[in-house]
């Protein structure tokens, strides 16, 4: 019986010690878990704070950008208002300076249109008259066309000159005489004689280069029209354009032949038209 009591007491003491040693271990584990969780919460909170700071910075940047854009738009609006004001001032000045009524402006425009149409009619009639006067010449000797308000009479080299020469052949003089008869009966035109060559260089005792040849040929024709055929010298001009205004490529015999030409350009007298256009309001 006594042994049994001692045994029970021994077991109780062991159980008590066991319970005493287990209690602090569980509390320690629990505390460590709480500390770990607090650390995680602190890291999350810190990350969220950084995200909030970044968001605030971006919002501030956007706000600054919007303010700058607003300022730019305001400046553009002010600039546009200034321009509109300047345009309106110019319109006001023009309106106040104009001495012509709408009816007067309409009448002036009608006069201009009539003058332009009249000049077109004159030049078309001139083209037809020249074509009739030179109808016996072939298309490979001369061509006549109306372009840009002018009449062009293009005379081939074979009709006027020998190769490299500025002396007009008899057949060419005859063609110029027919042309001069028409020109002398048409008062309100001016005449430009343009000499043209191909790109083959030339140099002789009398002719230095293609510039010289083209100009000399134009001058020869001017002398015939004015001295021999009686055309008014104050209404005619001679010029040479050398090889620099070809009508066809110079890489074929036919192309070079077409480029060796003399053009007689007939233009209407624009003085009256210019006076009407630029006369004071």
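Of all residues in segment 234-247, exactly one satisfies the criterion of being in contact with a helix residue (DSSP H, G or I) (Cβ under 8 Å, 6 or more places away or on another chain) and exposed (fewer than 13 other Cβ atoms within 10 Å of the Cβ), namely 247. The set of residues in segment 248-275 being surrounded by fewer than 19 Cβ atoms within 10 Å (Cβ to Cβ), touching a helix residue (DSSP H, G or I) at 6+ places or on another chain (Cβ under 6 Å) and modelled with pLDDT under 95 consists of 273 alone.
Within segment 229-254, how many residues turn out to be in contact (Cβ under 8 Å) with a residue 24 or more places away in the chain and farther than 28 Å from residue 177 by Cβ? Final tally of qualifying residues: 3. The single residue among 162, 171, 187 that is closer than 21 Å to residue 253 by Cβ and either more than 39 Å from the chain's Cα centre (by Cα) or not assigned by TED's automatic domain parsing to the domain that holds residue 212 (or both) turns out to be 162. Each residue in segment 109-146 was checked for being surrounded by 12 or more Cβ atoms within 10 Å (Cβ to Cβ) and either touching a strand residue (DSSP E or B) at 6+ places or on another chain (Cβ under 7 Å) or not assigned by TED's automatic domain parsing to the domain that holds residue 263 (or both), and 14 of them qualify.
Taken over segment 217-228, the criterion of being over 18 Å from residue 159 (Cα atoms) and buried (at least 17 other Cβ atoms within 10 Å of the Cβ) is satisfied by 226 alone.
The values are calculated or read from the model by the stated rules, or taken from the named source; none is laboratory data. Keep in mind that this is a model prediction, so the values were computed, not measured. We place every Cβ from the backbone using ideal geometry, glycine too, and count neighbours over all the protein chains shown.
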